[in-house]
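See structure below.
The values are calculated or read from the model by the stated rules, or taken from the named source; none is laboratory data. Note that the coordinates shown come from a computational prediction; the quantities given were computed from them, not determined experimentally. Ligands, DNA and RNA are stripped out before the accessible areas are found, and what is left, the full protein with its side chains, is counted by its heavy atoms. Shrake-Rupley method; radii C 1.70, N 1.55, O 1.52, S 1.80 Å.
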Amino acid sequence: MKTRDIAKLGYLYLKNGQWDGKQIISPKYIDEATTIQVDGTHPENKPYGYLWWLTEYSHYQCYYAGGFGGQYLFVIPELELIFVITSDMDRPHPENKLLVKEFLGMIRSSDTVLSGGCLDKKVLNLQQEERIKLLREIQTFFEQERDDEIGTMEAGKVLDFFLDNLATSIYNKSLDDARFWTSKRLEDIDFDYDILFK
């Protein structure tokens, strides 16, 4: 299955079993499938519904399906988010779940670090030429890495999503780096002054 096809299954569950206004799966089954039915064991060791593992990442309740070799489909209803990861089936790839956890952590932190009033949600305002270049790079990535073609509008949604949710973290990391560099320079200046004393 292609990544987009896997995402369609997640979207169907996210929309409570509806697709284009048609009820494909009953809401009652969706609810039962994403509710704890048994205590799950190997390989995930998480509570289990009907074909879905249930867990919590960064205080967000989510359910996910896992396949051999690190294939994952996560559904996070509170964010109306579907997260799909596909991998080479050469090994289990447990690090894929860490990607989801880190990503959700960045979303939560981006909602809390803006309390100072000096940083807007839209941290990065791109020039038109920059945006067009990034959109083309996103389309190229999907084509080369995922064997999937997406249009300019879809690429724009991907770009805006990452700008909204990663820009704050990148901004704060840049400030940390600048503060570290400045403190090191001040230490060097103190040392230079000490040499000048007679």
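Compute the Cα gyration tensor for the range 41-109, then decide on rounded, prolate or oblate, letting a ≥ b ≥ c be the square roots of its eigenvalues: rounded whenever a/c is under 1.5, prolate when a/b is larger than b/c in the other cases, and oblate in all that remain.
Details: a/c = 1.86, a/b = 1.29, b/c = 1.44.
Taking the square roots of the gyration eigenvalues as a ≥ b ≥ c, the range 41-109 is oblate.
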Karplus-derived 3J(HN,Hα), 6.51/-1.76/1.60, for each residue of the range 141-155, Hz, glycine and proline x: 4, 4, 5, 7, 8, 10, 6, 9, 9, 10, x, 5, 5, 5, 5
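Using a 1.4 angstrom probe on heavy atoms only, work out the carbon and sulfur share of the accessible area of the range 17-93 in %.
Details: 2450 of 4570 Å².
C and S atoms contribute 54 percent here.
Can you give the accessible area per residue of the range 1-79, in Å², using a 1.4 Å probe? List each step's numbers first, then the result.
Numbers: 4670 Å² over 79 residues.
For the range 1-79, the solvent-accessible area averages 59 Å² per residue.
How much length is gained on full extension from LEU126 to GLN23, taking 0.36 nm per residue of separation minus their Cα-Cα distance?
Details: separation 103, 0.36 × 103 = 37.08 nm, distance 4.08 nm.
Here the answer is 33.0 nm.
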Cα gyration tensor shape for the range 1-91, rounded if a/c is under 1.5, else prolate or oblate: oblate
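Past 25 Å, Cα to Cα: identify those pairs from LYS133/LYS157; LYS2/LYS173; LYS101/LYS157, in the order given. Provide the component values of the computation, followed by the final result.
Values: LYS133/LYS157 15 Å; LYS2/LYS173 34 Å; LYS101/LYS157 21 Å.
Exceeds cut-off: LYS2/LYS173.
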